[in-house]
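So the structure is just underneath, and the comments pick up after that.
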Amino acid sequence: MSSPSPDALLGPADIRELAAALGVRPTKQRGQNFVIDANTVRRIVRTAGVRPDDVVVEVGPGLGSLTLALLEVADRVTAVEIDDVLAGALPATIAARMPERADRFALVHSDAMHVGELPGPPPTALVANLPYNVAVPVLLHMLDTFPSIERTLVMVQSEVADRLAAAPGSRVYGVPSVKANWYAEVKRAGAIGRNVFWPAPNVDSGLVSLVRRTEPIKTTASKREVFTAVDAAFAQRRKTLRAALAGWAGSAAAAEAALVAAGISPQARGESLTVEEFARIAEHKDAFEGTDR
């Protein structure tokens, strides 16, 4: 493929000029912070390990900073954008700045949480600067809906990055950590400073890498059953699992029976358990055969 021109990516002046022409002001409601640094988006693409044969899906492309950097490397890029004005403008930006790659770009004008299919070949990678207020649900939805996604790199608020990549026993280990682990091996992949955004956010950002498990977690329980147990365990994270899972199991005694059958101490807390252990608990939900006591 022919190489894009070196000035194809968007710089600070380009971003502000585009935004002014479109009458766009970044909104807190949608968590919009536009990346204005070409080196940062290239670093994200590099860290994501995007290859020339990759079909990349991007959520929340905004004005197109990361989109253009992805098109430099990937075979195809599909961007999912909810904002009417941004979705309307992005194809023209791609055509103007990278005309030789424009036929490799597709836009889906939709809320990512409602996307069930994408045009073209199945995506092999997800790379996105996710809006901070919906980062976790969007990430989990995309991983669940598109099992062809092998590698993911998302930029999220630093605290969210910590939670997603946390290991059992960590103070910030919780529901996002466990659910992300259901799909993938998760790790922190770097930090991003505030000055590469417009407007500069009040929080730091972090990169999270997720590599899909080659083998799904072995369990007879469904994902829904496992996730329900996870939600119950962390809804009252200070309580022991015997108490926290009482509502989920039907009684404290039923919860204890499920935990014992799964080989887990009823006095343990959710923050100490792996996703595999939660799966075992879900498998034994009906272990209690007596009456409530």
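The values are calculated or read from the model by the stated rules, or taken from the named source; none is laboratory data. It should be emphasised that the depicted structure is a prediction, and the values quoted were computed from it without experimental measurement. We place every Cβ from the backbone using ideal geometry, glycine too, and count neighbours over all the protein chains shown. Ligands, DNA and RNA are stripped out before the accessible areas are found, and what is left, the full protein with its side chains, is counted by its heavy atoms. Shrake-Rupley method; radii C 1.70, N 1.55, O 1.52, S 1.80 Å.
When S148 is tested against (1) over 28 Å from G49 (Cβ atoms); (2) in contact with a Pro (Cβ under 8 Å, 6 or more places away or on another chain), only condition (1) is not met.
Scanning region 250-289 for residues that are farther than 19 Å from G174 by Cα, open to solvent by 20 Å² or more (accessible area, probe 1.4 Å) and within 31 Å of the chain's Cα centre (by Cα) turns up E283, H284, K285. Residues in region 81-107 that are in contact (Cβ under 8 Å) with a residue 24 or more places away in the chain, more than 18 Å from F197 (Cβ to Cβ) and either in contact with a His (Cβ under 8 Å, 6 or more places away or on another chain) or part of a loop (DSSP other than H, G, I, E, B) (or both): I82, D84, M98.
Considering every residue within region 221-241, establish whether at least one is surrounded by 22 or more Cβ atoms within 10 Å (Cβ to Cβ), modelled with pLDDT of 95 or more and more than 30 Å from T145 (Cβ to Cβ). The answer is yes, given that some residue of region 221-241 is surrounded by 22 or more Cβ atoms within 10 Å (Cβ to Cβ), modelled with pLDDT of 95 or more and more than 30 Å from T145 (Cβ to Cβ).
Residue-by-condition table, conditions (1) among the small types (G, A, S); (2) within 16 Å of the chain's Cα centre (by Cα):
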| position | (1), (2) |
| --- | --- |
| S65 | yes, no |
| E81 | no, yes |
| A87 | yes, no |
| L90 | no, no |
| F105 | no, no |
| V108 | no, no |
| A112 | yes, yes |
| P137 | no, yes |
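Residues satisfying the criterion are absent from region 207-219 (criterion: touching a residue at least 40 places away in the same chain (Cβ under 8 Å) and more than 22 Å from D144 (Cβ to Cβ)).
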